[in-house]
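Beneath this line is the structure, given in structure tokens, with notes to follow.
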Amino acid sequence: MLEEYRRKRDFKKTSEPIGEVRPSKESHLYVIQRHDASHLHYDLRLEMDGVLKSWAVPKEPPLGPGVKRLAVQTEDHPIDYASFEGVIPEGEYGAGKVEIWDRGTYELLEKEADKYIIEVSGERLKGRYALIRFKGSGDPKNWLFFKKKG
Ligand code: MN
């Protein structure tokens, strides 16, 4: 599950973790990293099946309902990545500064192939959020991320 993650990185050059597939002690970890790469984006990561399922959100994640954000699914990351902050060196994959923007836990309320409903308990994001595959967008990696009303 981490093959793509490892293939893209040179661990002699980046301080990102090599990591391994394993459930964390703290179950259902949730983190958003602000990644100031060639394009500033926010990496949403949810612990699932021993890895962090990951989506890149090009704009600031919504704190309240009414705003839908594109979330582009990216390669699974190791659980250890949840605490990673630092600067990925120039010339390396994802070069730029990574900072933790929000962190906490989440509860999976609904899970289908194309739909996750989660209850997020973060510092910034709190409440019920949906991740739904953006059908018709032409790319199966495109999802929508938004806060549910109520
Ligand atoms: Mn990123």
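The values are calculated or read from the model by the stated rules, or taken from the named source; none is laboratory data. Model, not experiment: these values are computed from the prediction. Cβ atoms come from the backbone with ideal geometry, glycine included; neighbour counts cover every protein chain shown. Calculation scope for accessible area: heavy atoms of the full protein, side chains included, ligands and nucleic acids excluded. Shrake-Rupley method; radii C 1.70, N 1.55, O 1.52, S 1.80 Å.
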I'm trying to understand the selection: among the residues of the range 1-28, which are in a helix (DSSP H, G or I) and basic (Lys, Arg)?
Arg6, Arg7
Cβ pairs under 6 Å, 6+ apart or interchain, first in the range 94-115 and of a type in the set (Val, Ile, Thr), second open to solvent by 50 Å² or more (accessible area, probe 1.4 Å), ordered by first then second residue, are Val98/Glu85; Ile100/Glu85; Thr105/His28; Thr105/Ser121
Just give me the residues in the range 48-62 being open to solvent by 20 Å² or more (accessible area, probe 1.4 Å) and modelled with pLDDT under 95, in sequence order.
Asp49
For Ala82: the one exception among (1) within 12 Å of the ligand (Cβ to nearest atom); (2) under 16 Å from Tyr106 (Cα atoms)
(1)
Picked from the range 45-69 (must be away from the ligand (no atom under 14 Å from the Cβ) and of a type in the set (A, V, I, L, M, F, W, C)), the residue farthest from Pro89 (Cα to Cα) is Val67
Log entry, pairs with first residue in the range 70-91 being of a type in the set (Gly, Ala, Ser), second being open to solvent by 10 Å² or more (accessible area, probe 1.4 Å) and in a loop (DSSP other than H, G, I, E, B), beta carbons closer than 6 Å, six or more apart or on different chains, reads Gly86/Ser15
Criterion: of a type in the set (Val, Ile, Thr), closer than 29 Å to Gly150 by Cα, in a strand (DSSP E or B) and within 16 Å of the ligand (Cβ to nearest atom) - qualifying residue of Val120, Val31, Val98
Val31
Here are some conditions: (1) over 14 Å from Ile88 (Cα atoms); (2) open to solvent by less than 10 Å² (accessible area, probe 1.4 Å). Tyr42 meets all but one. Which one does it not meet?
(2)
Is it the case, given these coordinates, that Pro65 is more than 22 Å from Arg9 (Cα to Cα), open to solvent by 10 Å² or more (accessible area, probe 1.4 Å) and touching a residue at least 40 places away in the same chain (Cβ under 8 Å)?
yes
Assuming Tyr42 fulfils every condition listed in (1) of a type in the set (Ser, Thr, Tyr); (2) touching a residue at least 60 places away in the same chain (Cβ under 8 Å); (3) within 20 Å of Arg128 (Cα to Cα) apart from one, which condition is it?
(2)
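Is it the case, given these coordinates, that Val21 is farther than 20 Å from Ile117 by Cα, open to solvent by 70 Å² or more (accessible area, probe 1.4 Å) and at pLDDT 95 or above?
Spelling it out, it is not the case that Val21 is farther than 20 Å from Ile117 by Cα, open to solvent by 70 Å² or more (accessible area, probe 1.4 Å) and at pLDDT 95 or above.
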